[in-house]
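Heads up: the structure comes next, in structure tokens.
The values are calculated or read from the model by the stated rules, or taken from the named source; none is laboratory data. None of these values were measured; they are calculated from a predicted model. Cβ sites come from the backbone with ideal geometry, for glycine too, and all protein chains shown count toward neighbours. Remember, those area values only see protein heavy atoms, side chains included, never the ligands or the DNA or RNA. Shrake-Rupley method; radii C 1.70, N 1.55, O 1.52, S 1.80 Å.
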2 protein chains.
Amino acid sequence: MRQDGRLARGERTRTAVLDQALVLATVSGLDGLSLSQVADALGVSKSGLFAHWRSKLQLQLAVIDHARQQWTDLVIRPALAEPAGVRRLWAAHDRRLAFYEAGTLPGGCFFGNAHFEFNARPGVIRDRLAEEQSAWMTFLTGVATEALDLGELRAGTDPAQLAYLIEALGVCTVMRPEPASFRYARLALHAHLRTVAIDPDNLPEPK
Amino acid sequence: MRQDGRLARGERTRTAVLDQALVLATVSGLDGLSLSQVADALGVSKSGLFAHWRSKLQLQLAVIDHARQQWTDLVIRPALAEPAGVRRLWAAHDRRLAFYEAGTLPGGCFFGNAHFEFNARPGVIRDRLAEEQSAWMTFLTGVATEALDLGELRAGTDPAQLAYLIEALGVCTVMRPEPASFRYARLALHAHLRTVAIDPDNLPEPK
DNA sequence: TATCTTTACGACCGGTCGGTCTTTTTGTTA
DNA sequence: TAACAAAAAGACCGACCGGTCGTAAAGATA
């Protein structure tokens, strides 16, 4: 940081590298990510990357943090802007779908791709990815629990099971990013919420 | 093939290589698959592989075929052994879950991993994987359509949407292969079928 | 047993990878 | 402008990759 408060040169480089690395990692895989390609794509030297991160592993972990930040800004925060309860639950689902429907970043879902990539490969990265996944599921389950506590869902509804359904529908849209997938993902959750919501007619309509 | 009908030496080697390659590809990725590792794991020479497949790409395509054969034997065929209709639809879901619940092959789902790996990488392999995925969805949709035609599902039920739900629940179990996932995946489909089936009490109970 | 085809081996090549090291440039502050 | 620290550059290394080629072994046939 400089005296005038503007971003230092190094900081600008770091975010530029992370942006580029996130895209490349989403396409080529987090492990298939090549530092040479990242450097070439930005027109910088590969050795310079090691001035900012000690190793490829550190850069990979930084990319995960970067992706989570993006996810927080574009999905979680907008959902939290909705009133707690079924509406917030729907918003979490809808914003996630919108995030990938819009193709904000190419190559599909970074977390989904990385999660499948490291599913069977124990290590720091898999643990970190599992944490992120767990945090997301906890968030969904928490919103569902809120809805239950607010009396918007039938007693006996299992928040974790509801969160699981939302997650499943979301993952599948990433796997098959066709218009029909997004429609089905919205219709399916809508149909399910109609069966567990106290006031089915007060649900947001799936577009 | 020899005169006595037993497998020729080359054929035995080919299947051994494909078995090993399928496991390694599931863990390390279909692209991350290393021919050297395959050869070392089997105690054969790497160059020998090129006597059976012209290139790595050809071996990768052969691995896909190998995986599909396994899938056909262990999931599709048992489902087809059930009577057409809702029961067969349930069997397709249940057998798929059982396949991964049992951990038949380590590293999760080959097709799932490979599909996410090549999601954003155009080429022969992605096209081939898309074909396999499409064939599986067509199968599910066909079974659902049968159930509809047999009058076991409410008129107006969308078979493709139902197939999508089944696929979503299945994919999510692969992503999070915990006992709770399999339970949720069965409960969720059961709950949904109860809302669209003509005779909800005739459904198989989820274990 | 002799022959011949299939199959397997091992040395080797060009290329890319992650990572290290030294040097040069750049931007900020005094 | 001079000095200093941060940042970027570029040559280089060992390891591993997919792939080639000439040669040796193994099994079926006669």
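What number goes with the only condition from (1) open to solvent by 20 Å² or more (accessible area, probe 1.4 Å); (2) more than 15 Å from DNA strand C (Cβ to nearest atom); (3) farther than 21 Å from B:Arg183 by Cα that B:Gly85 does not pass?
Going through the list (1) open to solvent by 20 Å² or more (accessible area, probe 1.4 Å); (2) more than 15 Å from DNA strand C (Cβ to nearest atom); (3) farther than 21 Å from B:Arg183 by Cα, B:Gly85 breaks only (1).
Could you say which residue among A:Val86, A:Val38 is away from chain B (no Cβ under 14 Å) and either without any contact (Cβ under 8 Å) to a residue 24 or more places away in the chain or closer than 28 Å to A:Ala130 by Cβ (or both)? Break it down into steps so the answer makes sense when it comes.
Working: A:Val86 fails: either without any contact (Cβ under 8 Å) to a residue 24 or more places away in the chain or closer than 28 Å to A:Ala130 by Cβ (or both).
It is A:Val38.
Report yes if A:Glu82 is modelled with pLDDT of 95 or more and either within 16 Å of A:Trp136 (Cβ to Cβ) or in contact with a helix residue (DSSP H, G or I) (Cβ under 6 Å, 6 or more places away or on another chain) (or both), otherwise no.
Spelling it out, A:Glu82 is indeed modelled with pLDDT of 95 or more and either within 16 Å of A:Trp136 (Cβ to Cβ) or in contact with a helix residue (DSSP H, G or I) (Cβ under 6 Å, 6 or more places away or on another chain) (or both).
Please work out if A:Phe99 is within 14 Å of chain B (Cβ to nearest Cβ) and either within 12 Å of DNA strand C (Cβ to nearest atom) or of a type outside the set (D, E, K, R) (or both).
On the way: within 14 Å of chain B (Cβ to nearest Cβ): no; either within 12 Å of DNA strand C (Cβ to nearest atom) or of a type outside the set (D, E, K, R) (or both): yes.
Here the answer is no, as A:Phe99 does not meet what is asked.
Here are the criteria: (1) crowded, with 19+ Cβ neighbours inside 10 Å; (2) more than 14 Å from the chain's Cα centre (by Cα). Tell me which single one B:Tyr100 does not satisfy.
(2)
Tell me whether the stretch A:126-137 contains one or more residues that are over 21 Å from A:Ala62 (Cα atoms) and away from chain B (no Cβ under 12 Å). Show your work before the answer.
Initial filter on the stretch A:126-137 (over 21 Å from A:Ala62 (Cα atoms)): A:137.
Going one step further and asking which of them are away from chain B (no Cβ under 12 Å), we end up with none.
No, the stretch A:126-137 contains no residue that is over 21 Å from A:Ala62 (Cα atoms) and away from chain B (no Cβ under 12 Å).
Given B:Asp149, B:Asp127, B:Asp201, B:Asp158, which one is charged (D, E, K, R), open to solvent by 40 Å² or more (accessible area, probe 1.4 Å) and under 30 Å from A:Arg121 (Cα atoms)?
That would be B:Asp127, the only listed residue that is charged (D, E, K, R), open to solvent by 40 Å² or more (accessible area, probe 1.4 Å) and under 30 Å from A:Arg121 (Cα atoms).
Kindly check whether there is at least one residue in the stretch B:153-176 that is under 12 Å from B:Leu89 (Cα atoms), among the small types (Gly, Ala, Ser) and in contact with a strand residue (DSSP E or B) (Cβ under 9 Å, 6 or more places away or on another chain).
no
Quick one: which of B:Arg186, B:Arg176, B:Arg154 is more than 19 Å from the chain's Cα centre (by Cα) and of a type in the set (Lys, Arg)?
None of the other options fit; the residue is B:Arg154.
Before we move on, is A:Leu74 touching a helix residue (DSSP H, G or I) at 6+ places or on another chain (Cβ under 7 Å) and within 14 Å of chain B (Cβ to nearest Cβ)?
Numbers: touching a helix residue (DSSP H, G or I) at 6+ places or on another chain (Cβ under 7 Å): yes; within 14 Å of chain B (Cβ to nearest Cβ): no.
It is false that A:Leu74 is touching a helix residue (DSSP H, G or I) at 6+ places or on another chain (Cβ under 7 Å) and within 14 Å of chain B (Cβ to nearest Cβ).
Only one of these conditions is not met by A:Gln69: (1) within 16 Å of DNA strand C (Cβ to nearest atom); (2) in a helix (DSSP H, G or I). Which number is it?
(1)
Conditions tested, residue by residue: (1) within 12 Å of DNA strand C (Cβ to nearest atom); (2) under 29 Å from B:Asn113 (Cα atoms); (3) among the hydrophobic types (A, V, I, L, M, F, W, C); (4) open to solvent by less than 10 Å² (accessible area, probe 1.4 Å).
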site: A:Thr13; (1), (2), (3), (4): yes, no, no, no
site: A:Gln20; (1), (2), (3), (4): no, yes, no, no
site: A:Leu30; (1), (2), (3), (4): yes, yes, yes, yes
site: A:Pro78; (1), (2), (3), (4): no, no, no, no
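Could you check how many residues of the stretch A:54-66 are surrounded by 15 or more Cβ atoms within 10 Å (Cβ to Cβ) and more than 8 Å from DNA strand C (Cβ to nearest atom)?
Summing the residues that are surrounded by 15 or more Cβ atoms within 10 Å (Cβ to Cβ) and more than 8 Å from DNA strand C (Cβ to nearest atom) in the stretch A:54-66 gives 6.
Could you list all residues from the stretch A:106-124 that are within 22 Å of A:Leu59 (Cβ to Cβ) and open to solvent by 20 Å² or more (accessible area, probe 1.4 Å)? Working first, answer last.
First pass over the stretch A:106-124, keeping only residues within 22 Å of A:Leu59 (Cβ to Cβ): A:106-119, A:121-124.
Those that are within 22 Å of A:Leu59 (Cβ to Cβ) and open to solvent by 20 Å² or more (accessible area, probe 1.4 Å): A:Pro106, A:Gly108, A:Phe111, A:His115, A:Glu117, A:Asn119, A:Arg121, A:Pro122, A:Gly123, A:Val124.
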